[in-house]
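The values are calculated or read from the model by the stated rules, or taken from the named source; none is laboratory data. Bear in mind the structure is a predicted one, so any value in this text is a computation, not a measurement. When we count neighbours, we look across all protein chains shown, and the Cβ atoms used for this are built from the backbone with ideal geometry, even at glycine. Remember, those area values only see protein heavy atoms, side chains included, never the ligands or the DNA or RNA. Shrake-Rupley method; radii C 1.70, N 1.55, O 1.52, S 1.80 Å.
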Amino acid sequence: DPLQKTEAYFVLGGNSYERGIAAFCVYEQFPDAFFVTSGGNHPLQIQALDTVMTEAALTRHWMLKQGVPPAQIDTITHSTSTQEESEDILRYCKAHKLTHITLISSSFHLRRMRMVFEDKFRQQGITTRYLGASDRDFHASEWWKDELSLITLNNEYVKIIYYSVKY
């Protein structure tokens, strides 16, 4: 969706760096924007630095280092899947009376996000917009040319089927 000002911008868990870049771009355009980072998984690679952080904390950390003020970033650290994130974000929206939000995730993830979020949020009177972060390892126009793009595409299609059947 074209970027617009909304009440809050939710940065979904997973690729904290690239999704954090997309969130920071929002901040540059809307310096008073409010963000909520989500994700309760603990990326294993961060343990190489002798620390443990949730995806939400890691995204928040990166955004703070870029200059987003701490008061403009909240976190939700319970969810470990897109489905769980939708439930946590819906609770957050209801608790904070939010009716117009933007969801930020990797571009290749947006189709499944819409499947999970759109109707559920519309039924609660919440308008959702979607912002896709660029993914360094996934090339949509040439996905068959490198292994990481092939794996990413395959995983997302499997997840779409799984979510269609399970939810």
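Annotations for the structure displayed:
- Percent breakdown of C-alpha pair distances by 10 Å bin, ordered from the shortest bin, for the range 23-82: 24, 48, 26, 3
- Dipole moment magnitude, nearest 20 debye, the chain about Cα centre, only Lys, Arg, Asp, Glu C-beta charged: 460 debye
- Residues of the chain: accessible area per residue with a 1.4 Å probe, Å²: 54 Å²
- Inter-site label distance for Asn41 and Val165 at 7 Å from Cα along Cβ, in nm: 2.0 nm
- Total charge dipole magnitude, the range 39-96, about the Cα centre, Cβ charges on Lys, Arg, Asp, Glu only, Debye to nearest 20: 200 debye
- Residues in the range 69-90 that a label on Glu28 would reach, taking backbone N under 20 Å of a point 7 Å out along Cα→Cβ: 69-70, 72-73
- Relative contact order (percent, whole number), the range 34-118, Cα cutoff 8 Å, 6+ residue spacing: 30 percent
- Choice from Ser16, Ser81, Ser141 showing the highest fluctuation, given a GNM over the chain with Cα pairs closer than 10 Å: Ser141
- Convex hull volume per residue, computed on the Cα atoms of the range 87-167, equals 93 Å³.
- Separation in nanometres of the label points that stand 7 Å from Cα toward Cβ, at Lys65 and Leu148: 1.8 nm
- What a 1.4 Å probe finds exposed on the chain is 53% carbon and sulfur by accessible area, rounded to a whole percent.
- Pairs from Lys65/Lys94; Lys65/Lys120; Lys5/Lys145 whose Cα-Cα separation, in the structure shown, is over 32 Å: Lys65/Lys120; Lys5/Lys145
- Reported label for calculated P(r) over Cα pairs in 5 Å bins from 0, in percent given (1) 1, 7, 13, 14, 13, 9, 6, 4, 4, 3, 3, 3, 3, 3, 3, 3, 3, 3, 1, 0; (2) 2, 9, 17, 21, 22, 16, 9, 4, 1, 0; (3) 1, 8, 15, 17, 15, 13, 10, 7, 5, 3, 2, 1, 1, 0, 0, 0, 0: (2)
- Over the chain: helical MRE at 222 nm, DSSP H runs n ≥ 4 each giving -39500 (n - 2.57), nearest 500: -14000 deg cm²/dmol
- Across the options Tyr92, Leu49, Ile76, the greatest Cα extent toward the positive end of the charge dipole of the chain (unit charges at beta carbon of Lys, Arg, Asp, Glu) belongs to Tyr92.
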